[in-house]
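Okay, structure first, notes after.
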Amino acid sequence: MGHDLELTLEKIAGLINGTVAGNGGCIISGMNSLDNAKEGDIAFYNDSRYREQAFATKASALIVAEKLEGYAGDQILVANPKLAYARLAAMFAPKAPRYEGISKDACIDETAVVGSGVSIYPFAFVGKNAVIGDNAILFPGVFIGNNAKVGSNSVLHPNVAVYENCIIGANVIIHAGCVIGSDGFGYVQSDEGNVKVPQLGNVMIDDDVEIGANSTIDRAANGTTHIKRGVKIDNLVQVAHNVVIGEHSIVVALSGISGSVNVGKNVIIGGQVGIKDHISIGDRAIVGSAAGVHKSIAEGEAVLGNPEMPPRLWMETRAFIRKLPELNKKVRELEKRLKEVEEK
Amino acid sequence: MGHDLELTLEKIAGLINGTVAGNGGCIISGMNSLDNAKEGDIAFYNDSRYREQAFATKASALIVAEKLEGYAGDQILVANPKLAYARLAAMFAPKAPRYEGISKDACIDETAVVGSGVSIYPFAFVGKNAVIGDNAILFPGVFIGNNAKVGSNSVLHPNVAVYENCIIGANVIIHAGCVIGSDGFGYVQSDEGNVKVPQLGNVMIDDDVEIGANSTIDRAANGTTHIKRGVKIDNLVQVAHNVVIGEHSIVVALSGISGSVNVGKNVIIGGQVGIKDHISIGDRAIVGSAAGVHKSIAEGEAVLGNPEMPPRLWMETRAFIRKLPELNKKVRELEKRLKEVEEK
Amino acid sequence: MGHDLELTLEKIAGLINGTVAGNGGCIISGMNSLDNAKEGDIAFYNDSRYREQAFATKASALIVAEKLEGYAGDQILVANPKLAYARLAAMFAPKAPRYEGISKDACIDETAVVGSGVSIYPFAFVGKNAVIGDNAILFPGVFIGNNAKVGSNSVLHPNVAVYENCIIGANVIIHAGCVIGSDGFGYVQSDEGNVKVPQLGNVMIDDDVEIGANSTIDRAANGTTHIKRGVKIDNLVQVAHNVVIGEHSIVVALSGISGSVNVGKNVIIGGQVGIKDHISIGDRAIVGSAAGVHKSIAEGEAVLGNPEMPPRLWMETRAFIRKLPELNKKVRELEKRLKEVEEK
């Protein structure tokens, strides 16, 4: 994995909120699956189907939910092994590859303010009065418009475009081809055709957000399209003008959120969902994949289907949709039999 | 907003087709909301809920649908305040930021023809015999293929790709990441796999079109994929080979229009719509969001749902889909009761 | 069309697996429609509606499914005229335009290995230890990450991004704006928000694949997201982490394939389809447009609708959905009539 990190088991336990069973001084230099681990590696054991591999592994230590009795090596006990995996993998995972300093083949306006430790690849463009925070990485083809800001430690992958006046926070990851701050889709119909409503606002993306490849987030007509802290957006998602997405919410691929929708905190929006404009999705709501949401969703509510409905009802209606031909047949028979009864 | 425009009230009234009530010579230098306006600004008043703000505003003039009696400042009366807003905001809105001339870091083939007043940013590429019209703007990362044309005053935002032989008209806006003229999706299945059908045509985009971020418009297999004058396309829309979209039609985000579909004039296609290949959508038709259109739609017709149906029917069926479990239960009860009657 | 190819009729017949009826030595220098052909061209005749044009054409030869009696020119008889058209058009079609050699305005890391005959346009970027195969073409704005490989004869259109460690085979075509190898969408929810699961795998794209504009293919969490030989993917398609797509399968625009889905060989997936994670689509299965697939599909099975169902059932249910208001009315009437019978 190209790192040269070495950590004691005790140090690792602290980082993943676990408890050492064994030698806390044991040195760990890598992380691997039970089968592929070698001496010095740590591996995960979280499923009794892999018990045999756990006893056969060459790993120097295991991370476990419950102590594995009879295992010879050292162990770390954690409450949430999946979370521990994510945390530890992040430690050992390769970082986004940095260009050493600012390429002479990048184009940085002389009025731009570039922090320390910034990595700017060739063919990146930074406009007038733009601000690039410390240690940020701009890959080739990234465009930062005039007066736009990118916070510290943020990574903008190839060909990301950030239009003028948009604000990206710290520790943000934006994948290749994303467009931040394109004009919202607003026109007034007239006898002479569709007259464009100027889109005078911007986009603000708070800290710790990640946005997938080729997603698009439109600038507000007035004010701000706002993606709040910790939001995670998948690939090919459309976020229209003046949308607000609350902290730690998740939006899966190919979904579209229409203008001025207010999405709460910790909401989960599945893939290929469509949400009508000017409605609200309450905190902790769950919108299932492919749902078409036409009305506001209350806090903590779950919906599925198009039109949106409670998941249990959708499960039932889904089954009944498949049985519609049968139901129609049954009704026709009832009608016939009733007619016979009536005629008697 | 970074402009330094000053207009008399009379001049503004002429531009938005309104009538001055008051001093036509009053000088206006900006536009703002009732609350935020300062002296010299003009504001809109179009809703009696904001009556109090209208009387309290510091704006020097108001645009109104009906004369606001008792208001001390000057007024412009217009028939369509929304349209007047769009027109006036366009006047005061900042223009797309221009690079001064043609960057030495752009790559323009020596056979390309570049008009006067053109702005070409660094890292734009213009191919052989391509033509760039007067005052056009090519942002960084824009690719103009061989023999392609961009009309005057058109703006191509960062990383737009226009493949060879495609024709873009005048006053066109294409947002970041759009792809114009990629190969249509055509294969012949054979024992040796899918054999590509060469896509020999092009794309033509007429004047006054706007296309949203990361949308894709494929070149024709033969002939032309044609987006006509005044069409507005949102983000992440797919337009397949040989499609024709008529004047002033609108296509909302994440919709897909299959090959050889003929869309008429002034059509509205909502978001996440899918339209089957080789059918027609008549002039002024309306296709609601998420509709799946499997057959041609007549002039002026509106459809919703999948399969497509008249909006009123869709509203009813939507409600009945939710009640399917209830309906099934009722039918089972009827059956039971009928059996009891029959047995007597 | 900008080529200067001349072939004898006999040579052409060999290439398209046909039989000459007439003079095999006849020289053909182009291909055109019956109406537009001139001397030296070959045209297709495959539909008796165009019989008149076939007799009037100026083409020197025709390709036909059955011999056209009474036609004066030479003919080639083929079993599959569509396939013959695709093969022959490929011969006469213009090739992707090449930049002569490697532009001095491209940025190629000194550790990269670049084959012979490679065409690299300005503003392309090739990272450390990347490998570019013989005769490959990298258009402007293409990004090839560290350790990534592009096979021989492959064409990457403008602004394609290939992240580090991803492998592209030979004879692959990737259209503008595609993103290969962005991080899969994986998070563990915790009290402190969504914790990113590092995406440590890569993407492998085998020979003869074509991918449409602005599609996105995520790298695996561990292991490989694998697009096998001859697969054809349309525009704006999302392929999630750890998906495998088997040989010669087809995926139409705006479809989303969720994580760890296993798609078999020769599968056809229509437009705007959504496929749930961790399921399988058997070889030669057909998933109709806009289907929502929630369970594995067997070999050779066809499904339509959401939820997915056999095509015949979907045709029926579609019709019955439209008739739901009528059915409900009928049931209410039956209930009323039954009540009257019961009361007697």
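Annotations for the structure displayed:
- Chain B: most fluctuating residue of B:Ile269, B:Ile102, B:Ile12 per GNM, C-alpha cutoff 10 Å: B:Ile12
- Farthest positive-ward along the protein assembly as shown dipole, Cα basis, beta-carbon charges - from A:Ala43, C:Val126, A:Gly117: A:Ala43
- Calculated label separations, A:Glu52, copies of the chain, 7 Å along the beta-carbon direction, nm: 7.7, 7.7
- Sparsely packed trypsin sites (Lys or Arg not before Pro) within the stretch C:12-71, loop by DSSP, other Cβ within 10 Å at most 15: C:Lys38, C:Lys58, C:Lys67
- For the stretch A:1-56, convex hull volume per residue from C-alpha positions, Å³: 98 Å³
- Distance between the pseudo-spin-label points of A:Lys58 and B:Ser33 (7 Å out from Cα toward the beta carbon): 6.5 nm.
- Volume of the convex hull of the stretch B:200-272 (Cα atoms only), normalised per residue: 61 Å³.
- Distance from the stretch C:97-165 to the stretch B:282-344 (C-alpha centre basis), Å: 54 Å
- Centroid-to-centroid, using Cα positions, the stretch B:8-48 and the stretch B:223-277 are 37 Å apart.
- Adding -39500 (n - 2.57) for every DSSP H run of four residues or longer, then dividing by how many residues chain A holds, sets the calculated 222 nm ellipticity at -5000 deg cm²/dmol.
- Label-point distances for C:Asp35 to the equivalent site in the other copies, using a point 7 angstrom along Cα→C-beta, read 6.1, 6.1 nm when ranked shortest first.
- Dipole check for the stretch B:107-303: with +1 at the C-beta of Lys and Arg, -1 at the C-beta of Asp and Glu, and the Cα centre as origin, the magnitude is about 180 Debye.
- A Förster radius of 41 Å, combined with the Cβ-Cβ distance separating C:Thr19 from A:Glu326, puts the computed FRET efficiency at roughly 0.15.
- Over 23 Å (Cα to Cα) - which of A:Lys149/A:Lys276; B:Lys38/B:Lys82; B:Lys323/C:Lys323; B:Lys11/B:Lys232; B:Lys95/B:Lys128; B:Lys196/C:Lys228 fall in this group: A:Lys149/A:Lys276; B:Lys11/B:Lys232; B:Lys95/B:Lys128
- Max mean-square fluctuation residue, GNM over chain B, Cα-Cα springs under 10 Å, options B:Asp277, B:Asp206, B:Asp35: B:Asp35
- Placing a label point 7 Å from the Cα of A:Glu342 along the Cα-to-Cβ line, the residues of the stretch C:310-344 whose backbone N sits under 15 Å from it are C:329-344.
- Histogram of C-alpha separations across the stretch B:137-250, 5 Å bin width, %: 3, 13, 22, 27, 17, 8, 5, 3, 1, 0
- A Cβ-based charge dipole, computed about the Cα centre of the stretch B:7-92 with Lys and Arg at +1 and Asp and Glu at -1, lands at about 180 debye.
- Kyte-Doolittle mean at least 0.5 and Cα axial length at least 20 Å: DSSP H helices in chain B: none
- GNM top mover of C:Asn202, C:Asn147, C:Asn32 - chain C, alpha-carbon springs below 10 Å: C:Asn32
- Nonlocal amide H pairs with B:Ser190, under 5 Å, H built at 1.01 Å: B:Val195
- Restricting the stretch A:124-214 to GluC sites (Glu not before Pro) that sit in a DSSP loop and have at most 15 other Cβ atoms within 10 Å of their own Cβ leaves A:Glu192.
- If R0 equals 25 Å, the separation of the Cβ atoms of C:Lys82 and C:Asp134 corresponds to a calculated FRET efficiency of about 0.20.
- With a Förster radius of 51 Å applied to the C-beta separation of A:Glu333 and C:Arg49, the computed FRET efficiency comes to 0.60.
- Cα-based equivalent ellipsoid of the protein assembly as shown: semi-axis lengths in Å, sorted from largest, via gyration tensor: 41, 40, 40
- Dividing the Cα radius of gyration of chain B by 2.2 N^0.38 Å, with N the residue count, gives 1.32.
- When every Cα-Cα distance of the stretch A:229-323 is counted in 10 angstrom steps from zero, the calculated P(r) takes the values 19, 54, 21, 5, 0 percent.
- Each other copy places its own label point for C:Gly14 at 7.6, 7.6 nm from this one, sorted shortest first, where the point lies 7 Å along the Cα-to-beta carbon line.
- Using only side-chain charges placed at the Cβ, +1 for Lys and Arg and -1 for Asp and Glu, the dipole size of chain B relative to its Cα centre rounds to 980 debye.
- Expressed per residue, the C-alpha convex hull volume of the stretch B:7-92 stands at 77 Å³.
Bear in mind that the values in this text are calculations on the coordinates, not laboratory data. Quick caveat, the model's predicted, so the values are computed rather than measured. All Cβ positions, even for glycine, are placed from backbone atoms using ideal geometry, and neighbour counts span all protein chains on display.
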